[in-house]
Amino acid sequence: MSSIARRAAAAAATGLTGAVALAVTLTGVPSALGATTGTASLGALRASTEVAVAAHGVNKEGYEGDEAPAGVDVHQEVSTAQLVEAADSVQDPAATGTSGTRTGIGCSGDGTSGNRVQAVYVGVAGQNDRYDAVVGALRAYTAGVDGVYLASAMEHGGRRQIRWVHDSSCQVVVDHVVLNPSDVASFGAERSALVAKGYDRGDRKYLLYTDAAVLCGVANVFTDTSPLQSNANNGGYAQYARVDAPCWAPQDHSVEAHELTHTLGAVLSFAPHATANGHCTDESDVMCYVDGSGVVMTQSCPTTHEKLLDCGGDDYFNTNPAPGSALATNWNAANSSFLFDPPAPTATLSYDGSAAVLAPSVPSGQGWRVDWTAPGCTPATATTTSPGGARLAVSCPSGGTVTATLTQQDGRTAQASTAASASGTPAPASSAAPTPTPGATANPGPSVAPTAPATTPVATLALGLTTVTPKTVAGTRVVLTGTATTGTAPAAGTRVALQRKQGTGWTTLGWARTSAQGTVSLTVAPVATTAYRLAAGTTTSAALTVTVTPKVQVSASGLTVKGAVRPAAKGTRVALVQHGRAVATTRTDAAGRFVLTAPRSGSGYAVTVAAQPIAQLALSAR
Ligand SMILES: [Zn+2]
């Protein structure tokens, strides 16, 4: 996500989403002896994690740290009105799920104990202090940052949210600090000033909303690649992510998430797509951009992935890395103790004589949805998405059973049933349909686990298939989530086949058995747009289409750019574009390969395949 790349792409009107550039500043890495050492060379740091480095001083835009997104002038002060307005349109990647509306962060525990991310507003003495005016906006921004982690974890079938410092009502605590102008002139000076004020806790990572217009974003990271919880990026040493006001909450990319992810330990040298300066080369990705000369970007994920972490899940963040892979054997930021796995929902249901009343328990920071079924009643089905509890008024002339299935943002469900009598007699709260044990007293009591009701009358099996990544790049792993229900209850242990459409028929790819929750996770890596479905006996799910764009590999040497398009297709037009003009064009051969030669050294080159931008690069003759 380099600004150079963005500008080139914009000039070419290619529609490439740009990358915010982020230079990692490696400062003050604690030594093994617990002391903070001075500045050394990057080479020395690589040789020993005991040494501190300042990898980046000034970037090619002339200021410290990461380059700003296109169109953002880091030296241009931003009005309070703009900052507040931006809060209304913060893009929360986790808010676009299939269930309900997510509001706010996820809260964990008492909000203060253990490892936490602390939001801080840093004002500057002698300037208009805007804490009171913008603190609400900052909280909205943090919810968007939180969503980056949740949505990124869900890509791999997991869940992660940030352990913020928050109050008892689940609001992010935004500290208010005022520093002298000289203290915000550089990252190092700000950090020193904060340490002097006590902001040096080893169980905190500080997200510094710095109300200055000095730089875009910068953070510190330790080069420790150990996969263990004792990794230096996982607590024990205070870490700092600074974002200046012009880069707060940009709409297409989260600078806060980028800087915070650095402090969680990313992108480290072991990563297959690591750059020398702590970033990555496989776009689109929160952390990837052209951070130095000779860095070649490849478009391995859709541009919509710009909001999410780790395209491909192989470099720095994956809740389910491939066994034996680099990320499974080195530090994985998804394992950070500054993140948590939010709890599953629970539900209890009662009948008040005229309506089924649901008491949902959904963790904060999770939207939710309720699907009702009430066989024999009117209405027989309904969906509720409004928060704060839900009820379904029903009329059941012959008696019936009302079941509520609660689905929260991260895809997990809870289910509860209650009897609805013909006479309108209230029924006590229950979390499941009554178990038909002869002679047993009906006193189900509240419980939380989704349980298969044994009384579901002649219910038929139903199958569903969804994914959070319906668009992908050829060869990239995609997790499909299958559900099996009998009537309204999870169908645990159901053997299901994953099928792929072939011509007019369907081919079985493999078999799996559903969990106790009636779900199953299936991983595929399609190389072309493919329709999938689940099947069990004669029952099938609706078809799920995963749209696949070709994978393009690009390498550059001197002025020569080589690449290959997969799956291979002869005759695809490939162009090298600079400043909006094609400076070299060719077509792929039968193996999908191409070679282009740039006329001169320069930055801002983009490679397009079939008019789609897929890589950005700088080239230099040698
Ligand atoms: Zn960075």
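Once you put a point 7 Å from the Cα of residue 229 and another 7 Å from the Cα of residue 509, both along the Cβ direction, what distance in nm separates them?
3.6 nm
Before I look further, what does the stretch 346-430 give for accessible area per residue, probe 1.4 Å, in whole square angstrom?
37 Å²
Rank by packing, highest mean first: peptides 76-89, 537-550, 212-225, 414-427, with packing defined as the count of other Cβ atoms within 10 Å averaged across residues.
Descending packing order for the listed peptides: 212-225, 414-427, 537-550, 76-89.
If you plug each phi of the stretch 469-480 into the Karplus form 6.51 cos²θ - 1.76 cosθ + 1.60 with θ = phi - 60°, what whole-Hz ³J(HN,Hα) values come out, in order, with x for Gly and Pro?
For the stretch 469-480, the Karplus curve yields 10, x, 10, 8, 10, 3, x, 7, 6, 10, 8, 9 Hz.
Could you rank 581, 204, 566, 163 by how accessible they are, 1.4 Å probe, largest area first?
581, 566, 163, 204
Near the amide H of residue 206, under 5 Å away, which other amide H atoms are found, from residues 5 or more places off or on another chain, if H is placed in the peptide plane?
118, 239, 240, 241
Over the stretch 461-548, give the accessible area per residue in Å² for a 1.4 Å probe, as an integer.
Result: 46 Å² per residue.
Is there a pair in 471/551; 60/471; 501/562; 205/471; 60/197 whose C-alpha atoms are over 24 Å apart, and which pairs would that be?
60/471; 501/562; 205/471; 60/197
How big is the accessible area of residue 521 in square angstrom, nearest 10, if you roll a 1.4 angstrom probe over the protein chains?
80 Å²
Which ³J(HN,Hα) values in Hz, rounded to whole numbers, follow from the phi angles of the stretch 588-595 under the Karplus curve 6.51 cos²θ - 1.76 cosθ + 1.60, where θ = phi - 60° and Gly and Pro get x?
Karplus-based 3J(HN,Hα) across the stretch 588-595 equals 5, 8, 5, 8, x, 8, 8, 9 Hz.
Probe radius 1.4 Å, ligands and nucleic acids ignored: give me the carbon and sulfur share of the accessible area of the stretch 532-622 as a rounded percent. List each step's numbers first, then the result.
On the way: 2100 of 4320 Å².
Taking all protein chains in place, the stretch 532-622 shows 49 percent carbon and sulfur surface.
Could you give each residue of the stretch 175-186 its phi-based ³J(HN,Hα) in whole Hz, using Karplus coefficients 6.51, -1.76, 1.60 with θ = phi - 60°, and x for Gly or Pro?
So the J values, rounded to whole Hz, are 5, 10, 10, 10, 10, 6, x, 5, 6, 9, 5, 8.
With every protein chain kept in the model, how would you rank 199, 149 by accessible area, 1.4 Å probe, largest at the top?
If we order 199, 149 from most to least accessible, we get 199, 149.
Specify the inter-centroid distance of the stretch 340-379 and the stretch 265-315, based on alpha-carbon positions, in whole Å.
Using only Cα atoms to place each centre, the spacing works out to 41 Å.
Grab every C-alpha pair in the stretch 550-619, bin the distances at 10 angstrom width from 0 up to the longest one, and report whole percents.
Per 10 Å bin, starting at 0, the Cα pair percentages come out as 23, 60, 17, 0.
The values are calculated or read from the model by the stated rules, or taken from the named source; none is laboratory data. Since the model is a prediction, treat every value here as computed from it, not as a measurement. Don't worry about glycine lacking a Cβ; one is built from the backbone with ideal geometry, like all the others, and counts go over all protein chains shown. Protein only, heavy atoms only, side chains kept; ligands, DNA and RNA dropped before computing areas. Shrake-Rupley method; radii C 1.70, N 1.55, O 1.52, S 1.80 Å.
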